[in-house]
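The values are calculated or read from the model by the stated rules, or taken from the named source; none is laboratory data. Treat the numbers as computed from the prediction; the structure is a model and nothing was measured. Don't worry about glycine lacking a Cβ; one is built from the backbone with ideal geometry, like all the others, and counts go over all protein chains shown.
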Amino acid sequence: MSSLDVTLNLLRANPDARAKILQDLPFFRDNLHPDTIKELATECLAEFYARGSKACEARETADTVIVVVSGQLVLEGLISSPEFGQGQVIGTFGLLVGAGQAVRTETLIADDDTLVLEIFYSKLEPHRSSLIFEIGRQVHAAMMSANARIHQLTRELNRARAPAQYGSPRSPE
(Lines give C-alpha, C1' and ligand atoms only; values in the text may rest on other atoms or scores of the structure.)
Protein backbone atom coordinates (compact mmCIF):
# COMPACT_ATOMS: atom_id res chain seq x y z
CA MET A 1 0.00 0.00 0.00
CA SER A 2 1.48 3.36 -1.06
CA SER A 3 1.74 6.39 1.20
CA LEU A 4 -0.97 8.08 -0.89
CA ASP A 5 -3.31 5.14 -0.24
CA VAL A 6 -2.59 5.37 3.48
CA THR A 7 -3.23 9.13 3.48
CA LEU A 8 -6.44 8.73 1.45
CA ASN A 9 -7.74 6.06 3.83
CA LEU A 10 -6.82 8.24 6.83
CA LEU A 11 -8.64 11.23 5.35
CA ARG A 12 -11.72 9.18 4.47
CA ALA A 13 -11.91 7.64 7.96
CA ASN A 14 -10.92 10.63 10.08
CA PRO A 15 -12.89 13.91 10.01
CA ASP A 16 -10.38 15.42 12.46
CA ALA A 17 -7.60 14.97 9.88
CA ARG A 18 -9.79 16.68 7.27
CA ALA A 19 -10.59 19.49 9.74
CA LYS A 20 -6.88 20.04 10.43
CA ILE A 21 -6.20 20.51 6.72
CA LEU A 22 -9.07 23.00 6.37
CA GLN A 23 -8.09 24.89 9.54
CA ASP A 24 -4.57 25.39 8.17
CA LEU A 25 -5.90 27.20 5.09
CA PRO A 26 -6.48 30.97 5.37
CA PHE A 27 -9.59 30.75 3.16
CA PHE A 28 -11.36 28.76 5.88
CA ARG A 29 -9.41 29.71 9.02
CA ASP A 30 -9.79 33.47 8.52
CA ASN A 31 -13.47 33.38 7.58
CA LEU A 32 -15.15 30.57 9.49
CA HIS A 33 -15.46 29.60 13.15
CA PRO A 34 -13.41 26.49 14.11
CA ASP A 35 -16.61 24.58 14.97
CA THR A 36 -17.98 25.36 11.51
CA ILE A 37 -14.78 24.05 9.93
CA LYS A 38 -15.05 20.83 11.96
CA GLU A 39 -18.67 20.45 10.82
CA LEU A 40 -17.67 20.94 7.16
CA ALA A 41 -14.88 18.38 7.59
CA THR A 42 -17.38 15.71 8.61
CA GLU A 43 -19.30 16.28 5.37
CA CYS A 44 -16.52 16.72 2.80
CA LEU A 45 -15.18 13.96 0.56
CA ALA A 46 -11.59 12.80 0.20
CA GLU A 47 -10.81 11.85 -3.41
CA PHE A 48 -7.79 10.54 -5.31
CA TYR A 49 -6.99 11.40 -8.93
CA ALA A 50 -4.27 9.41 -10.69
CA ARG A 51 -1.82 11.32 -12.85
CA GLY A 52 -3.55 12.30 -16.12
CA SER A 53 -7.09 11.74 -14.87
CA LYS A 54 -9.76 14.45 -14.88
CA ALA A 55 -10.80 15.99 -11.58
CA CYS A 56 -13.62 17.93 -13.26
CA GLU A 57 -14.75 18.80 -16.78
CA ALA A 58 -15.53 22.13 -18.38
CA ARG A 59 -19.25 22.86 -18.71
CA GLU A 60 -20.30 20.39 -16.01
CA THR A 61 -22.30 21.67 -13.06
CA ALA A 62 -19.95 22.99 -10.42
CA ASP A 63 -21.21 21.73 -7.10
CA THR A 64 -18.03 21.53 -5.02
CA VAL A 65 -15.07 23.52 -3.85
CA ILE A 66 -11.89 21.49 -4.38
CA VAL A 67 -9.04 21.69 -1.86
CA VAL A 68 -5.73 20.21 -3.05
CA VAL A 69 -4.19 18.14 -0.23
CA SER A 70 -1.20 16.80 -2.16
CA GLY A 71 -0.16 16.60 -5.78
CA GLN A 72 -1.09 19.11 -8.41
CA LEU A 73 -3.96 19.94 -10.77
CA VAL A 74 -3.55 21.88 -14.04
CA LEU A 75 -5.95 23.31 -16.59
CA GLU A 76 -6.31 21.04 -19.62
CA GLY A 77 -5.08 22.23 -22.97
CA LEU A 78 -3.13 25.30 -21.95
CA ILE A 79 0.57 25.50 -22.85
CA SER A 80 1.35 27.72 -19.88
CA SER A 81 -1.18 26.37 -17.43
CA PRO A 82 -1.57 27.62 -13.89
CA GLU A 83 -0.76 24.95 -11.35
CA PHE A 84 -2.98 24.29 -8.37
CA GLY A 85 -0.91 22.63 -5.67
CA GLN A 86 -1.14 21.81 -2.00
CA GLY A 87 -3.39 24.18 -0.10
CA GLN A 88 -5.08 25.70 -3.16
CA VAL A 89 -8.85 26.14 -2.96
CA ILE A 90 -10.50 25.82 -6.39
CA GLY A 91 -14.08 26.61 -7.36
CA THR A 92 -14.87 29.35 -4.86
CA PHE A 93 -16.36 31.64 -7.51
CA GLY A 94 -19.29 29.24 -7.81
CA LEU A 95 -20.32 30.29 -4.31
CA LEU A 96 -21.07 33.74 -5.70
CA VAL A 97 -23.57 32.27 -8.15
CA GLY A 98 -25.11 29.81 -5.72
CA ALA A 99 -25.33 26.06 -5.33
CA GLY A 100 -26.46 24.18 -8.43
CA GLN A 101 -26.24 27.19 -10.74
CA ALA A 102 -22.50 27.43 -11.35
CA VAL A 103 -20.73 25.74 -14.25
CA ARG A 104 -17.08 24.66 -14.42
CA THR A 105 -15.20 26.89 -16.85
CA GLU A 106 -12.18 24.62 -17.32
CA THR A 107 -11.23 20.96 -17.19
CA LEU A 108 -8.78 20.14 -14.40
CA ILE A 109 -6.27 17.34 -14.93
CA ALA A 110 -4.12 15.69 -12.26
CA ASP A 111 -0.52 16.56 -13.15
CA ASP A 112 0.65 14.17 -10.41
CA ASP A 113 -1.16 11.60 -8.33
CA THR A 114 -3.36 14.04 -6.41
CA LEU A 115 -5.41 13.94 -3.21
CA VAL A 116 -8.19 16.47 -2.75
CA LEU A 117 -11.00 17.30 -0.39
CA GLU A 118 -14.30 18.24 -2.02
CA ILE A 119 -16.85 20.33 -0.14
CA PHE A 120 -20.34 20.64 -1.61
CA TYR A 121 -21.58 24.19 -2.21
CA SER A 122 -24.79 23.24 -0.43
CA LYS A 123 -22.76 22.68 2.77
CA LEU A 124 -21.01 26.04 2.35
CA GLU A 125 -24.19 27.95 1.47
CA PRO A 126 -25.10 28.79 5.11
CA HIS A 127 -21.62 30.34 5.49
CA ARG A 128 -21.61 32.13 2.16
CA SER A 129 -21.77 35.63 3.65
CA SER A 130 -18.65 34.89 5.73
CA LEU A 131 -16.75 33.77 2.63
CA ILE A 132 -17.89 36.48 0.18
CA PHE A 133 -15.26 39.01 1.25
CA GLU A 134 -12.43 36.51 0.73
CA ILE A 135 -13.82 35.48 -2.65
CA GLY A 136 -14.04 39.15 -3.65
CA ARG A 137 -10.42 39.63 -2.57
CA GLN A 138 -9.39 36.67 -4.72
CA VAL A 139 -11.29 38.03 -7.72
CA HIS A 140 -9.64 41.43 -7.24
CA ALA A 141 -6.16 39.85 -6.98
CA ALA A 142 -6.76 37.78 -10.12
CA MET A 143 -7.94 40.84 -12.04
CA MET A 144 -4.95 42.91 -10.89
CA SER A 145 -2.58 40.12 -11.91
CA ALA A 146 -4.24 39.80 -15.32
CA ASN A 147 -4.17 43.57 -15.77
CA ALA A 148 -0.45 43.73 -14.92
CA ARG A 149 0.24 40.93 -17.40
CA ILE A 150 -1.74 42.74 -20.13
CA HIS A 151 0.27 45.92 -19.51
CA GLN A 152 3.55 43.98 -19.63
CA LEU A 153 2.61 42.30 -22.91
CA THR A 154 1.48 45.64 -24.38
CA ARG A 155 4.82 47.25 -23.49
CA GLU A 156 6.72 44.33 -25.03
CA LEU A 157 4.61 44.52 -28.18
CA ASN A 158 5.14 48.28 -28.49
CA ARG A 159 8.89 47.86 -28.02
CA ALA A 160 8.99 45.20 -30.70
CA ARG A 161 7.09 47.43 -33.12
CA ALA A 162 9.19 50.58 -32.58
CA PRO A 163 12.63 49.71 -31.16
CA ALA A 164 14.19 53.12 -31.90
CA GLN A 165 11.50 54.85 -29.86
CA TYR A 166 12.66 52.99 -26.74
CA GLY A 167 16.36 53.74 -26.98
CA SER A 168 17.52 50.75 -28.99
CA PRO A 169 20.87 51.26 -30.69
CA ARG A 170 20.62 52.99 -34.04
CA SER A 171 21.95 51.40 -37.14
CA PRO A 172 25.18 53.01 -38.43
CA GLU A 173 24.63 55.86 -40.89
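What the table below lists for this structure:
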quantity: Only one of SER129, SER171 that is within 27 Å of ASP63 (Cβ to Cβ), at pLDDT below 85, more than 18 Å from the chain's Cα centre (by Cα) and surrounded by fewer than 10 Cβ atoms within 10 Å (Cβ to Cβ); calculated: SER129
quantity: Residue selected from the range 49-62 under the condition surrounded by 18 or more Cβ atoms within 10 Å (Cβ to Cβ) and at pLDDT 90 or above, by the criterion farthest from GLY91 (Cα to Cα); calculated: TYR49
quantity: Meets criteria (in contact (Cβ under 8 Å) with a residue 40 or more places away in the chain, loosely packed, with under 15 Cβ neighbours inside 10 Å and closer than 19 Å to PRO26 by Cα) for VAL139; calculated: yes
quantity: Filtered residue count, the range 71-86, keeping only those that are at pLDDT 90 or above and surrounded by fewer than 19 Cβ atoms within 10 Å (Cβ to Cβ); calculated: 3
quantity: Breaking point among (1) within 19 Å of GLU60 (Cα to Cα); (2) surrounded by 14 or more Cβ atoms within 10 Å (Cβ to Cβ); (3) modelled with pLDDT under 85, for GLN101; calculated: (2)
quantity: Conditions (1) under 26 Å from GLU76 (Cα atoms); (2) of a type in the set (D, E, K, R); (3) assigned to a helix (DSSP H, G or I); number of the one not met by GLU106; calculated: (3)
quantity: Residue match in the range 106-115 (condition: among the charged types (D, E, K, R), more than 20 Å from ARG12 (Cβ to Cβ) and modelled with pLDDT of 90 or more); calculated: yes
